[in-house]
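One structure is given below, encoded as structure tokens.
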Amino acid sequence: MAAALILSGGNGTRLGSDIPKQYIKIHGRSVISYCIECLCAHGGIDALQVVAAAQWHDTVRECLEKYDTDGKFRGFSAPGGNRQLSIYSGLTDIRKYADDSDVVLVHDAARPLLSAQMVTDCLEAVRGHDGVVPVLPMKDTVYRSTDGRKISALLERSEIYAGQAPEAFRIGAYYEANRRLLPDRILAVNGSTEPAVMAGLDMVMIAGDEGNFKITTAEDLRRFGELVSRRTVEGV
């Protein structure tokens with residue numbers, strides 16, 4: 001089994017909107033609906049779990065009614081105090097119907113341009129490993145600064161990669177890696193793959209997708225709207 005875990009519990013305050021970014025409507029559709037559509041339609045995904053605050057459940061259900069034609073949705077999970085605790089909440093619920101040897105695909109609702117090919121690539125790459133993360137190579141020179149003002153060191157660009165979502169993990173090993181960080185160390189985790197790396201799990205990288213960007217700022221939202229408009233005109 002492969003279960004998709006959509007993280008949709010964030011507030012998205014950097015956009016300056018009263019509505020979390022994943023629920024803002026673009027061309028009549030909420031941002032989250034795009035990844036729901038992709039994951040529900042993908043033949044490799046068997047179950048769908050969504051982390052979302054109770055006040056947004058009806059919004060998510062509207063998307064599911066339209067795109068979850070095969071009944072993959074299994075339920076909502078409560079958001080945690082940070083992103084990683086939300087993942088842990090989702091994992092705890094997924095383990096009620098999935099085996100520890102099964103796969104969980106962790107994705108952000110604020111990354112609406114998820115492609116079926118990326119889902120396929122993750123599911124294929126995780127075979128024989130504990131997890132997989134899509135990455136993008138660094139194109140610019142990368143510096144390290146200890147005080148945010150002066151350059152402390154020049155980093156080797158060829159050895160540095162930017163992680164993306166979705167990430168795929170073996171459920172049992174990943175759950176245990178997160179559990180070991182409770183109650184305090186998990187609060188300092190910034191990326192989904194961090195607990196796996198800290199636990200020494202067998203993690204592999206695959207090529208990411210520059211088009212699969214995360215909506216964080218108003219400029220990101222504008223860019224997404226333009227891409228949707230272009231695809232609508234082109235009939236993509």
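Listed values for region 137-144 are Karplus-derived 3J(HN,Hα) couplings in whole Hz (6.51 cos²θ - 1.76 cosθ + 1.60, θ = phi - 60°), namely x, 7, 9, 9, 5, 10, 10, 10, and x replaces Gly and Pro. Need one word for region 113-236: rounded, prolate or oblate. Basis is the Cα gyration tensor (sqrt eigenvalues a ≥ b ≥ c); a/c below 1.5 gives rounded, then a/b vs b/c decides. It comes out oblate by the Cα gyration axes.
Phi angles across region 150-158 convert, under the Karplus curve 6.51 cos²θ - 1.76 cosθ + 1.60 with θ = phi - 60°, into 3J(HN,Hα) values of 10, 6, 9, 6, 9, 8, 6, 4, 5 Hz, Gly and Pro given as x. By other beta-carbon atoms within 10 Å, ranking F169, F73 with the fewest at the front produces F73, F169. If you take semi-axes √(5λ) of the Cα gyration tensor in Å from the coordinates, which of [x] 30, 21, 16; [y] 34, 20, 15; [z] 26, 24, 18 do you get? Read-out taken from this structure: [z]. The amide H of M138, built 1.01 Å from its N in the peptide plane, has I160, A162 as neighbours under 5 Å, considering only residues 5 or more places off or on other chains.
Order these by the 10 Å Cβ neighbour count, fewest first: S152, S8, S192. Don't skip to the end; give the middle numbers.
Details: S152 10, S8 28, S192 24.
The fewest-first ordering by Cβ neighbours comes to S152, S192, S8.
Only Cα pairs under 8 Å and at least 6 apart count here; give the relative contact order of region 6-144 as a rounded whole percent.
Relative contact order here is 29 percent.
Database remark: amide H of F73 closer than 5 angstrom to the amide H of L48 (H placed geometrically; neighbours at sequence offset of 5 or more, or on other chains; Pro and chain starts carry no H).
Let me check I've understood the local charge: for R157, count other residues with C-beta under 15 angstrom from its C-beta, Lys and Arg +1, Asp and Glu -1. What total comes out? Spell out each step's value before the answer.
Details: positive: K139, R144; negative: D140, E156, E159.
That works out to -1.
Under 5 Å between amide hydrogens, which residues at least 5 positions from I206 or on another chain qualify, with H placed 1.01 Å from N in the peptide plane? Result for I206 returns V133, V135.
So for each of 121-132, 202-213 I average, over its residues, the number of other beta carbons within 10 Å; can you give me the resulting order with the highest mean first? Don't jump to the answer; show the numbers that get you there.
Working: 121-132: 18.3, 202-213: 14.8.
So the peptides 121-132, 202-213, ranked by packing, come out 121-132, 202-213.
Pairs of Cα atoms nearer than 8 Å and 6+ residues apart set the relative contact order; for the chain it is 23 percent.
Could you pull out the pairs from K21/K139; K72/K139; K96/K139; K25/K150; K21/K72 whose alpha carbons sit more than 32 Å apart here? Intermediate values should be presented prior to the final figure.
Details: K21/K139 28 Å; K72/K139 39 Å; K96/K139 42 Å; K25/K150 41 Å; K21/K72 24 Å.
In this structure, K72/K139; K96/K139; K25/K150 lie more than 32 Å apart at Cα.
Karplus-based coupling profile of region 81-95, in residue order and whole Hz: x, 8, 4, 5, 5, 5, 4, 4, 4, x, 4, 4, 6, 5, 5, with θ = phi - 60° in 6.51 cos²θ - 1.76 cosθ + 1.60 and x standing for Gly or Pro. In terms of its C-alpha gyration tensor, region 12-118 has an oblate overall shape, because the principal axis ratio a/c (a ≥ b ≥ c, square roots of the eigenvalues) is not below 1.5 and a/b does not outweigh b/c.
Cβ crowding within 10 Å ranks K72, K96 as K96, K72, fewest other Cβ atoms first. Only Cα pairs under 8 Å and at least 6 apart count here; give the relative contact order of region 110-236 as a rounded whole percent. The normalised contact order for region 110-236 reaches 35 percent.
No lab work stands behind these numbers, since they all come straight from the coordinates. This is a predicted model, so every value here is computed, not measured. Positions of Cβ are generated from backbone atoms using ideal geometry, with glycine treated the same way; all protein chains shown enter the neighbour counts.
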